[in-house]
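Undergrad: After the structure tokens below, expect a handful of questions from me.
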Amino acid sequence: MQKAMDGAPDFNDAAAALNTNSDEPTDSIGSVYGKDAGEAFRNGWQTHIAFFVDYVNATAAKDEARLKAPLELLIMPLDLPNSCQTLTLT
């Protein structure tokens, strides 16, 4: 978030790294619960990251309209606790 606030030239690289960081937990979840569960996690996490990056950009731009997006979109679109209850070992 600080990079966006500072207008750092490598902000996009930092934002992209957040998605790259989803590879390891996705692989871990997939190895235990199956590929479909891993991909479900990845999709939810990447959606969360996209909302977070948009929120950071809106904060840096002082864009009040974009800052009023529902918080549940930022917090976690993936219902992880409920999703975990339905997982089965492969």
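The values are calculated or read from the model by the stated rules, or taken from the named source; none is laboratory data. Remember, it's a predicted structure, so these values are computed and weren't measured experimentally. Quick reminder, even Gly has a Cβ in these numbers, built from the backbone with ideal geometry, and neighbours come from all protein chains shown.
Undergrad: Condition first: among the charged types (D, E, K, R) and under 23 Å from Ser28 (Cα atoms). Now tell me which residues in the range 39-57 satisfy that.
TA: Glu39, Arg42
Undergrad: Which one of these is among the polar types (S, T, N, Q), under 22 Å from Ala8 (Cβ atoms) and within 17 Å of the chain's Cα centre (by Cα): Asn57, Asn43?
TA: Matching residue, one of Asn57, Asn43: Asn57.
Undergrad: When you check Gly38 against the structure, is it surrounded by 15 or more Cβ atoms within 10 Å (Cβ to Cβ), modelled with pLDDT under 85, in contact with an Asp or Glu (Cβ under 9 Å, 6 or more places away or on another chain) and assigned to a helix (DSSP H, G or I), yes or no?
TA: No: the conditions fail for Gly38.
Undergrad: Here is a further query. Would you confirm whether any residue within the range 11-23 is among the polar types (S, T, N, Q), surrounded by fewer than 14 Cβ atoms within 10 Å (Cβ to Cβ), out of contact with any helix residue (DSSP H, G or I) (no Cβ under 6 Å at 6 or more places or on another chain) and not in a helix (DSSP H, G or I)?
TA: Taking every residue of the range 11-23 in turn, at least one turns out to be among the polar types (S, T, N, Q), surrounded by fewer than 14 Cβ atoms within 10 Å (Cβ to Cβ), out of contact with any helix residue (DSSP H, G or I) (no Cβ under 6 Å at 6 or more places or on another chain) and not in a helix (DSSP H, G or I).
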